[in-house]
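Notes to accompany the following structure.
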Amino acid sequence: MIDMLSLKLTNIIKNNLGDITEEKAEEINYGLNIIIYEFIVYVVLIPIMIISGLFKYCITYITIYGILRIFTGGAHAKTRLGCFLTYSISLFGICYLSKFIPAINLTFTIIVFLAGIFVFYIYAPGDTIEKPILSKKQIKKMKFLSIMLLLYIFIITMIIRHFNQTLYNVIIFTIIEVVFFLTPIGYKLYGCKLSWE
């Protein structure tokens, strides 16, 4: 359904703008496909976030996870259903867990961020055979930006720690998840392969 809809919209754009190459049309179709999928996902998830009383925690997870994954990449589920289920379980699991446990120990938090910097330096950006990153310049840029983002998030986390322990926990668990998806174990779990393997 999503594929059909994105293809129809791509054809409408292509027919109305005329000067679009096949390669550009593929890019437009891919972008529309992602937008439609994300729209459907959040139409389903946002009411659940509100009803569960976890809205602000879920938004924190979505923001941290989304921003970091743009630059770090990492393993992905093979199917949309697998992706949706994994994402939903992680989203609500992390937010519920964060609400019901005490604030994560500061020493553990520092270890998580140091491990994150190490993993980002070694593995980021993590691509796949289906979506390779071929430019060495792009790889260096994404690696640098992912590490800088992690450092900024660490500073924000240290401030939030004094005001809201649940948000603090959400951020730490989200970082752990992003780091995990970059490791060889994360790739193996999802059956993904790096483009250079």
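Per-structure values
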| read-out | value |
| --- | --- |
| Residues that are touching a Ser or Thr at 6+ places or on another chain (Cβ under 7 Å) and closer than 13 Å to residue 69 by Cβ, drawn from the range 147-190 | 177, 178, 182 |
| Residues of the range 91-136 classified as modelled with pLDDT under 95 and small (Gly, Ala, Ser), total | 4 |
| Evaluation of residue 77 against (1) open to solvent by less than 50 Å² (accessible area, probe 1.4 Å); (2) part of a helix (DSSP H, G or I); (3) not polar (S, T, N, Q) (one fails), failing number | (2) |
| Test: residue 137 is of a type in the set (Lys, Arg) and in a loop (DSSP other than H, G, I, E, B) | no |
| Unique residue being touching a Leu at 6+ places or on another chain (Cβ under 7 Å) and among the β-branched types (Val, Ile, Thr) when the list is 67, 59 | 67 |
| Pairs with Cβ under 6 Å, 6+ apart, first in the range 183-194 and open to solvent by less than 100 Å² (accessible area, probe 1.4 Å), second at pLDDT 90 or above and of a type outside the set (A, V, I, L, M) | 186/180 |
| Among (1) surrounded by 16 or more Cβ atoms within 10 Å (Cβ to Cβ); (2) within 16 Å of the chain's Cα centre (by Cα); (3) not charged (D, E, K, R) - the single one residue 49 does not satisfy | (2) |
| Failed criterion for residue 174 (all others in (1) part of a helix (DSSP H, G or I); (2) farther than 30 Å from residue 36 by Cβ; (3) not hydrophobic (A, V, I, L, M, F, W, C) hold) | (2) |
| Residue 72, sole failed condition from (1) in contact with a Phe, Trp or Tyr (Cβ under 7 Å, 6 or more places away or on another chain); (2) among the hydroxyl-bearing types (Ser, Thr, Tyr); (3) surrounded by fewer than 13 Cβ atoms within 10 Å (Cβ to Cβ) | (3) |
| Output for the range 88-109, where each listed residue is more than 25 Å from residue 76 (Cα to Cα), in a helix (DSSP H, G or I) and open to solvent by 70 Å² or more (accessible area, probe 1.4 Å) | 99, 100, 107, 108 |
| Odd one out for residue 57 among (1) touching a Phe, Trp or Tyr at 6+ places or on another chain (Cβ under 9 Å); (2) open to solvent by less than 70 Å² (accessible area, probe 1.4 Å); (3) farther than 22 Å from residue 125 by Cβ; (4) free of Cβ contacts under 8 Å to residues at least 60 places away in the same chain | (4) |
| Single match in 34, 46, 51, 67 (criterion: β-branched (Val, Ile, Thr) and either within 21 Å of residue 172 (Cα to Cα) or in contact with a Gly (Cβ under 8 Å, 6 or more places away or on another chain) (or both)) | 67 |
| Near pairs, Cβ below 8 angstrom, 6+ apart or cross-chain, from the range 1-22 (closer than 16 Å to residue 39 by Cβ and in contact (Cβ under 8 Å) with a residue 60 or more places away in the chain) to any residue that is open to solvent by 70 Å² or more (accessible area, probe 1.4 Å) and part of a helix (DSSP H, G or I) | 2/80 |
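The values are calculated or read from the model by the stated rules, or taken from the named source; none is laboratory data. Treat the numbers as computed from the prediction; the structure is a model and nothing was measured. We place every Cβ from the backbone using ideal geometry, glycine too, and count neighbours over all the protein chains shown. Only protein heavy atoms, including side chains, enter the accessible area calculation; ligands, DNA and RNA are left aside. Shrake-Rupley method; radii C 1.70, N 1.55, O 1.52, S 1.80 Å.
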